[in-house]
Amino acid sequence: MSNGVIITPGLAHGALRRPEPQDDVLRQAQAFRAERRAERVRALVAIAVMGLAFLTVAGQLVRLAMQGQPEQRILINAPLATAFARPDIVDRNGRLMASDIVMHSLVADPHVILDQDEIADRLMTVLPDLDRKWVRNAIADRTKRFAWIRRGLSPAEAQKVHDLGLPGLDFRPELRRAYPLGRSAGHVIGLVDIDNKGLQGIERYLDERKNVEPVHGPSLSVRPPLRLSLDVAVQFAVEDELAEAMRRYSAAAAVGLIMDVNSGEIFAAASLPGLDPIVIDERFDKNRMDRLASGTYELGSIFKTFTAALAFEDGMSPQKRFDVRQLLEVEGYRIRDLHPAGRPLTVNEIFLQSSNVGAGLLALNNGQKRQKAFLKELGLTTPMSTEAGNIAPASLPVRWGDIETVTISYGHGLAVTPLQFATASAALINGGYRVKPTFLRKRGRSKKPPERVISSETSRLIRQLMRENVASKAGTGWRAAVAGLDVGGKTGTAEIAGVGGYKSKSVIASFIGAFPMEKPRYLTLVCLFEPQGTKETGGHITAGVNAAPTTARIISRISPLLGLLPN
Amino acid sequence: MRILLTVAVAMTLGSAFTLYAVNYETRGLADDVKRREKSINKARRDIAILKAERAHLARPDRIGRHARALGLAPAKRGQFATYSISDPTGRRVTRRLGDER
């Protein structure tokens, strides 16, 4: 059977033949060759398969190397981002005003908490201002694995909670916004929410300018700080003097502004009572509103600078006389001066003695159309905004007839924000160029040529009048004088409109000023809301006795800080 | 042929060991980088807190209070000295301290 031949009966001899030896060799050789061929094919197949596999790997490597990683990372991060890393905010000299710091937030895992009451009770011992019932509810549902207890613990509080060693409590580091200066410039800085997203003021501006990165861990921003035009020292000096003025004259509120008349940079912007950027409840306190940029007021006689400027601009001589002895009767209304001059006054004297009748006559001389166009040209009645947000639009009179023209000439009937008023005034002082108010520090001169709104001659005349109003005792602003510095300005006392007309005992006392007058660099605006008569003021509540001396105190305090030394 | 094979095997083994070593070194370096990054982050957080604390301590109302308690007051006229220097053309000019600002 070994050779595979089956021997069957009947087939013996003949049928059964011994194979030839040559045949055998031939067959073996054939089989061998066939086997070799099959082997080679198999090897080729294997090589091809391996080669393909290697090619795939190589191709994949090239693809990965060319594609890179970051795109994938963003895809993973974006939906998970829970907080925002914000750059620092610094003042014009690089002093820190707002910064992100990492704080610990207390979280709980209700699933592993066994005794909710014990946790709540013991937490109360170190965080007494927690609401016990609220905590108890937060950790009541044992199917949950996560609950916030308190976000943004101070390091000391976190340590105390940690020392309690309570099970099921943990800390999660988070970014928190810190304002080392407290309330200072609170209205300008604005507000961020619990996830560090800017909602108001400069903080919101940061978000809008895409300077804020979404992060899902406590990683600090690496972006350069935002440099404001504010000067922390000047800001504080203004706030401090305004607080002192509020106390001294029993005023309900106060506003102060220091602006570079040429660049529009705001060095200090204060509205008291102030706002703490981290106390959200204070935003709902109407008394703490930003009176500088969000409240519109009839500002009174400080408007006479516009009235005089318009007269000069249209070629009126400062020496032209107007008869202000009589009542001014317009459309059935009678305008009179508080202290009538008793003689005809020149344009200059109308400004210096702050005659309402005189201002009305000047405005009527220019006419209602011209007045409207002039105020618009100055930017007083057009929308205006800063980086800290929109400035409240001016409230224009519904009907702008002759009587409105007269009342607007001395600052009634047209309500504007103090900030917009000051910005429009800057053009009267700086030689006649339009400025845009800004809270950002400007570097170098702007490439755009300044836009002229009034002639340099008109500006010179207005500067002269403002200077004289403070320098001579005949002026209403002499109490704003500062020894060694030539300060100029205009007072304004406006009765506040209430139910059923104006309240004579309730006024806004304002002073618009500038210094040094020979080449003005800074504009000041001080408004005191509802100041009371005191012994010091002889019972008066007019701006000359309160807003003017407050301005003097502010200027003498900030001029060394601004590098202006008294002569 | 046999020599070639031996050399190839030796090279394979050699590169395997090298790769192994490099791999471990890389992991070590990656750990090191991670550790350093962590310490950098910690340092940056600490710096942020210290900067905020310094700004809080140096806030004008606090400095002003302390300065007044020490008998200091805002600068007044007469406290600023004048000095005279040569300008680039060699002319003597009188300046006041603070003018250079």
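The values are calculated or read from the model by the stated rules, or taken from the named source; none is laboratory data. Remember, predicted model here, so these are calculated numbers, not experimental data. As a convention, Cβ positions derive from the backbone with ideal geometry for all residues, glycine included, and neighbour counts pool all protein chains shown. Heavy atoms of the whole protein, side chains included, go into the accessibility calculation; ligands, DNA and RNA do not. Shrake-Rupley method; radii C 1.70, N 1.55, O 1.52, S 1.80 Å.
Show B:Lys76, A:Lys490, A:Lys286, A:Lys519 ordered by accessible area, largest first, where the area counts protein heavy atoms only and the probe is 1.4 Å.
From most exposed to least exposed: A:Lys286, A:Lys519, B:Lys76, A:Lys490.
Each part gets one Cα centre, and for the stretch A:342-357 versus the stretch A:287-310 those centres are 21 Å apart.
Fully extended, how many nm does the chain gain between A:Gln464 and A:Ala31 (0.36 nm per residue separation, minus their Cα-Cα distance)?
Values: separation 433, 0.36 × 433 = 155.88 nm, distance 12.31 nm.
Extra length from A:Gln464 to A:Ala31 when fully extended: 143.6 nm.
In terms of Cα atoms, the Rg and Dmax of the stretch B:2-72 work out to 29.6, 97 Å.
Within the full protein context, the accessible area of A:Trp478 is estimated at about 80 Å² for a probe radius of 1.4 Å. Relative to the longest principal axis of the Cα atoms of chain B, the long axis of helix B:2-57 lies at roughly 20 degrees.
Could you state the accessible area per residue of the stretch A:233-558 in Å², with a 1.4 Å probe and every protein chain left in place? Please report the intermediate quantities before stating the final value.
On the way: 13290 Å² over 326 residues.
That works out to 41 Å² per residue.
Chain A and chain B together bury an accessible surface of about 2000 square angstrom, both sides counted, with a 1.4 Å probe and no ligands or nucleic acids included.
Hey, could you get me the Stokes-Einstein D for the protein assembly as shown, Kirkwood radius over alpha-carbon pairs, 37 °C and 0.692 mPa s, rounded to whole µm² s⁻¹?
On the way: Rh = 31.5 Å.
Translational diffusion coefficient: 104 µm²/s.
Applying 1/(1 + (r/R0)^6) with R0 = 35 Å to the Cβ-Cβ distance of B:Leu4 and B:Lys38, what FRET efficiency is obtained, to the nearest 0.05? Before the final figure, lay out the partial values.
On the way: r = 50 Å, r/R0 = 1.43.
Result of the calculation: an efficiency of 0.10.
Provide a whole-number value for the mean count of partner chain Cβ atoms within 10 Å of the Cβ atoms in peptide B:42-55. The partial results should precede the final answer.
Working: counts 1, 0, 4, 9, 2, 2, 10, 6, 1, 6, 10, 3, 3, 13.
Partner Cβ neighbours, averaged per residue: 5.
Free of any GluC sites (Glu not before Pro) that DSSP assigns to a loop and that have at most 13 other C-beta atoms within 10 Å, the longest stretch within chain A is A:1-330. Between the C-alpha center of the stretch A:44-65 and that of the stretch B:1-65 there is a gap of 34 Å. Surface composition of chain B: carbon and sulfur make up 63 percent of the accessible area, probe 1.4 Å. Pairs over the 18 Å Cα-Cα cut-off, from the set A:Lys197/B:Lys51; A:Lys376/A:Lys436; A:Lys320/A:Lys490; A:Lys473/A:Lys535; A:Lys304/A:Lys376: A:Lys197/B:Lys51; A:Lys320/A:Lys490; A:Lys473/A:Lys535.
For A:Asp121, the solvent-accessible surface computed with a 1.4 Å probe is close to 70 Å², ligands and nucleic acids excluded. Which shape class, rounded, prolate or oblate, goes with the stretch A:233-558 when its Cα gyration tensor gives a ≥ b ≥ c as root eigenvalues, a/c under 1.5 marks rounded, and past that a/b bigger than b/c marks prolate? Rounded shape, in that the Cα axes give a/c under 1.5. The mean of 1/r over all distinct Cα pairs in the stretch A:474-556, once inverted, gives the Kirkwood hydrodynamic radius of 13.1 Å. Put the Cα centre of the stretch A:215-252 next to the Cα centre of the stretch A:171-188 and the gap is 12 Å. Taken about its Cα centre, the protein assembly as shown carries a charge dipole of about 1560 debye when Lys and Arg each add +1 at the Cβ and Asp and Glu each add -1 at the Cβ.
In this structure A:Leu52 has an accessible area near 110 Å², from a 1.4 Å probe over the protein heavy atoms.
In terms of accessible area, using a 1.4 Å probe and ignoring ligands and nucleic acids, A:Tyr522, A:Tyr433 rank largest first as A:Tyr433, A:Tyr522. A simple spin-label model places pseudo-atoms 7 Å from Cα toward Cβ; at B:Val22 and A:Lys473 they are separated by 9.4 nm.
Between 0 and 90 degrees, the angle of helix A:456-471 with respect to the longest Cα principal axis of chain A falls at about 60 degrees.
Only protein atoms count toward the accessible area here, which uses a 1.4 Å probe; on the stretch A:127-241, the carbon and sulfur part of that area reaches 50 percent. When the P(r) of the stretch A:121-242 is calculated, the portion above 18 Å amounts to 66% of the C-alpha pairs.
Helix A:356-366 and the long axis of chain A differ in direction by around 70°, with both axes built from C-alpha atoms. What is the stretch A:260-400 by shape, rounded, prolate or oblate, if you read a ≥ b ≥ c off the alpha carbon gyration tensor as root eigenvalues and call it rounded for a/c under 1.5, prolate for a/b larger than b/c, and oblate otherwise? Prolate shape, in that a/c is at least 1.5 and a/b is the bigger ratio. Using the Stokes-Einstein relation with a Kirkwood hydrodynamic radius computed over Cα pairs, the translational diffusion coefficient of the stretch A:282-354 at 10 °C and a viscosity of 1.306 mPa s comes to 105 µm²/s. Computed on the Cα trace of the stretch A:194-315, the radius of gyration divided by the Kirkwood hydrodynamic radius gives Rg/Rh = 1.06.
Of the listed residues B:Asp87, A:Asp141, the order by accessible area with a 1.4 Å probe, largest first, is A:Asp141, B:Asp87.
Compute the FRET efficiency between A:Asp23 and A:Ala43 as 1/(1 + (r/R0)^6), taking r as their Cβ-Cβ distance and R0 = 41 Å, and round to the nearest 0.05. Could the numbers behind the result be given before it?
Working: r = 31 Å, r/R0 = 0.75.
That gives a FRET efficiency of 0.85.
Tell me, what is the FRET efficiency for B:Val93 and A:Arg172 to the nearest 0.05, using R0 = 56 angstrom and their Cβ-Cβ distance as r? E between B:Val93 and A:Arg172, to the nearest 0.05, is 0.35.
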